[in-house]
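The values are calculated or read from the model by the stated rules, or taken from the named source; none is laboratory data. The shown structure was predicted, so the numbers you read here are calculated from the model rather than taken from an experiment. Don't worry about glycine lacking a Cβ; one is built from the backbone with ideal geometry, like all the others, and counts go over all protein chains shown. When the accessible area is computed, the model is the full protein with side chains, heavy atoms only, and any ligands, DNA or RNA have been set aside. Shrake-Rupley method; radii C 1.70, N 1.55, O 1.52, S 1.80 Å.
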Amino acid sequence: NGSIGAITAATIIAAIGSIHNFPSASALKSYFGWAPVVVQSGSTLDHSRLTRGGTRTMKQILFLAVLQAIRLQDNEWAKLYERLVKRAARMTRKTQSRVGKKRVIGRVAGQMTEAIYALLKRDAELLAKILPGQDPPAPLLYDPEVHQRHRQGYYRPLKSTPLPNTITVLHPFS
């Protein structure tokens, strides 16, 4: 919704190749370099950070996509960022600015990667059911109202209900 344009989407899809290469969203996050690494001893959490691995180009592309979403402000990613910054980034007395915004950007990029995985996995499962020579179903466009209802607790998992015969297409923001 506004943060991933056509070129960025094409780059992400080209980097992923087949979504079947990734057994989970966590594997894709790790490949992109947005997976958290937790360091703990016993039951005490010492600290967490992003993994140093991953594909540098994809890490940069998703970072820029999150920054673009934040800049545009009128989308769910920017709202998530603002909500998390207020909660997770502390305010400094000296400069009256927040410290820890990059950690929040990492969190949003991780969630954006999970959304990308879910959409591509759903479409791949749908296309696997289509017989050779059969036309694919018409695209299903992203619906912000469904996203909003999901955030308000009206979640309907895709796995327990039969999938509609549609493909999701995200149109770039003009």
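Before moving on, here are some points about what is shown:
- Full extension of the segment from residue 79 to residue 150, taken as 0.36 nm per residue of separation minus the current Cα-Cα distance, would add 24.1 nm.
- Accessible area, probe 1.4 Å, largest first, for residues 74, 143: 74, 143
- Per-residue Karplus couplings for the stretch 83-88, computed as 6.51 cos²θ - 1.76 cosθ + 1.60 with θ equal to phi - 60°, are listed in order as 5, 6, 4, 4, 8, 9 Hz, Gly and Pro entered as x.
- Contour excess over end-to-end distance, with Cα ends at residue 24 and residue 64 and 0.36 nm allotted per residue: 12.1 nm
- Two-site label geometry, residue 127 and residue 14: point separation in nm, points 7 Å out along Cα→Cβ: 1.6 nm
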